[in-house]
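Where a number appears in this text, it was derived from the coordinates with a stated rule and is not lab data. As the structure is a prediction and not an experimental result, all values here were calculated from the model. Don't worry about glycine lacking a Cβ; one is built from the backbone with ideal geometry, like all the others, and counts go over all protein chains shown.
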Amino acid sequence: MLQISIPMYGLLDCNNFYASCERVFNPSLNGKPVVVLSNNDGCVIARSSEAKTLGIPMGEPAYKLKELIETNKVAVFSSNYVLYGDLSHRVMTILQSFVPEIEIYSIDEAFLLFDGFEKINLHEFGAKIVQTTTQNTGIPVSLGIAPTKTLAKVASKFAKKYKNYKGVCVIDTDEKREKALKLFDIGDVWGIGRQYSKKLQYYGVNTAWDFTQRSKSWVRHTMGVTGERTWLELRGTPCIEMDRSVTKKSICTSRSFGERLTELAPISEAVANFAASCAEKLRKQHSLASIVMVFIHTNPFATNEPKYANQIVLPLPVPTSDTTEIIRFALAGLKTIYKDGFRYKKAGVIITEILPERPFQQDLFEVRNRDKFNKIMGVMDSLNESYGKQKVKIAAQGFDRKWKLKNEKLSPCYTTKLSDILEIKAAE
DNA sequence: TCTGGGGTCCTAGGACCC
DNA sequence: TCTGGGGTCCTAGGACCC
């Protein structure tokens, strides 16, 4: 018989990732409700299953939950991205040892490509992946395997929901696909958000299966090409490939301030730091940017104070990844959009139009010595790499840090070097 | 008083050109 | 006052994801 190689896609998802990370080094939290708050301790961004059972919704502002948290002894943490990033890396490294190709989709999710696995029992193999990952990292995970990415997403939800699957669910026949899709709410499908789900329900489409029974042209008409892709994927035709690109097309660093800022000086300091962080991320992926954007705004939710929001787009004369240059443009931009008399809540820097480091178009009239600056940036990055973040920085980044965010419930950085821990202690 | 941060892709409409 | 048709590029905004 002719063997055709049909790849299968896997989606591995870390269960309640941030909450699980907090538990890895603090097992006394096992079985207890845990929530993790967003930057500035604003709202809930992760919940353990116990916290979900208590009815704590995702995205709920923390202040609304005070009572619930106290009466139920919920463990509350500020988000600790250093810790989560490190555990994420451990998970991804393990996955790479099992399959030839993975796509890191987010901090807690990866797609796996099972190409050339025709003779392998994917249930057993998947179970091994789940078991090894959980054992070696302490993070519980779920794995869905199916002929398309969208179906793998569906499968992973079943793997997580039903205990007897033991973390793995494989959709490899049409019968299983039909059964799964009939039990799957349309709004939970990857690619169908709040707006489309409302629209589809209006037309009587309540499950993923209902959706697949509509005509292709109807879907195209109501939801465009993205909807059509989802439709095809749910019917078993793969049209979303593994994403092999490693470089980002835009890089953004933005924060809400710990307290409202009114003066230009502290906002400039914040923006300089955001710009520096963008430039650093840019160099890490060996790219150059051609556009810098800066934005500032007051609290958009405030009802009883004047609101203001503005942004500016600044084309760079020559694509660059030089921190000093990106800071310079960002600060000039800020100066033009900043207006006196407002209480600012948030600012950010976005860089776009990103190109590979070389080859790039040299500007004949360029006066700065680019090689020299590149060398300086290289030295700065390696110093910061070995001695901890922000050891070396540009003067404009300042030391006041009035804009620093709140994170009062930060867990210790269990996985990082001693120097980093001392740094964090010193900053408190 | 308190409501995150960082991404991607697609489309409609305007400006401009011939 | 009338005023076509087609192409391209850019931008803002909307939808989605985690």
Next on the checklist: Between A:Asn374, A:Asn39, A:Asn407, where does the largest GNM mean-square fluctuation fall for chain A, given springs only between Cα atoms within less than 10 Å?
Outcome noted: A:Asn374
Checklist outcome for this item: The local net charge around A:Leu151, scoring Lys/Arg +1 and Asp/Glu -1 for residues other than A:Leu151 whose Cβ lies under 12 Å from its Cβ, equals +2
Checklist outcome for this item: For chain A the mean separation of alpha carbon contacts under 8 Å (6+ apart) over residue count, i.e. relative contact order in percent, is 16 percent
Next on the checklist: Within region A:251-397, count lysine pairs with alpha carbon atoms under 16 angstrom apart where the residues are 8 or more positions apart or belong to different chains.
Outcome noted: 9
Checklist entry - By a straight-distance test (C-alpha under 16 Å), which lysines pair with A:Lys182 as possible cross-link partners, with residues fewer than eight away in the same chain excluded? => result A:Lys153, A:Lys157, A:Lys161
Checklist entry - In region A:236-295, which GluC sites (Glu not before Pro) are in a loop and have at most 15 other Cβ atoms within 10 Å, using DSSP for the loop call? => result A:Glu241, A:Glu263
Checklist entry - Rounded to the nearest 0.05, what FRET efficiency is calculated for A:Glu70 and A:Phe25 with R0 set to 25 Å and r the Cβ-Cβ distance? => result 0.55
Checklist entry - What is the spread of the Cα atoms of region A:251-397 along each of their three principal axes, largest first, in whole Å? => result 52, 35, 22
Item to check | Partners for A:Lys406 among aspartates and glutamates (Cα-Cα distance below 19 Å; same-chain residues under 8 apart left out) | outcome: A:Glu22, A:Asp41, A:Glu60, A:Glu259, A:Glu269, A:Asp420, A:Glu423, A:Glu428
Item to check | Simple label model, 7 Å out from Cα along Cβ direction - A:Arg194 to A:Ala127, nm | outcome: 4.1 nm
Checklist outcome for this item: Beyond 19 Å (Cα-Cα) in this structure, taken from A:Lys64/A:Lys409; A:Lys52/A:Lys404; A:Lys64/A:Lys199, we find A:Lys52/A:Lys404; A:Lys64/A:Lys199
Checklist entry - Once you list every other residue whose beta carbon is under 10 Å from the beta carbon of A:Asp381, what net charge do they have if Lys and Arg are +1 and Asp and Glu are -1? => result 0
Checklist entry - What ranking, highest mean first, results for peptides A:249-258, A:138-147 when packing means the other Cβ atoms within 10 Å averaged over each residue? => result A:138-147, A:249-258
Next on the checklist: Just want the ordering: A:Arg260, A:Arg23, from fewest to most Cβ atoms lying within 10 Å of their own Cβ.
Outcome noted: A:Arg260, A:Arg23
Next on the checklist: One quarter of the convex hull surface, Cα atoms only: what value does that give for chain A in nm²?
Outcome noted: 25.7 nm²
Checklist outcome for this item: Under 11 Å by backbone N from the virtual spin label 7 Å along Cα-to-Cβ at A:Lys375, the residues of region A:312-335 are none
Next on the checklist: How large is the direction-averaged shadow of the alpha-carbon convex hull of region A:113-172, in nm²?
Outcome noted: 4.0 nm²
Checklist entry - Which percent of Cα pairs goes in each bin when the distances of region A:238-314 are cut into 5 angstrom slices starting at zero? => result 3, 11, 19, 19, 14, 12, 9, 6, 4, 2, 0
Item to check | Local electrostatic count at A:Gly398 - Lys and Arg +1, Asp and Glu -1, tallied over other residues with Cβ under 12 Å | outcome: +2
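Let me know the charge dipole size of region A:17-80 about its Cα centre in debye, to the nearest 20, where only the beta-carbon of Lys, Arg (+1) and Asp, Glu (-1) is charged.
So the magnitude is around 120 debye.
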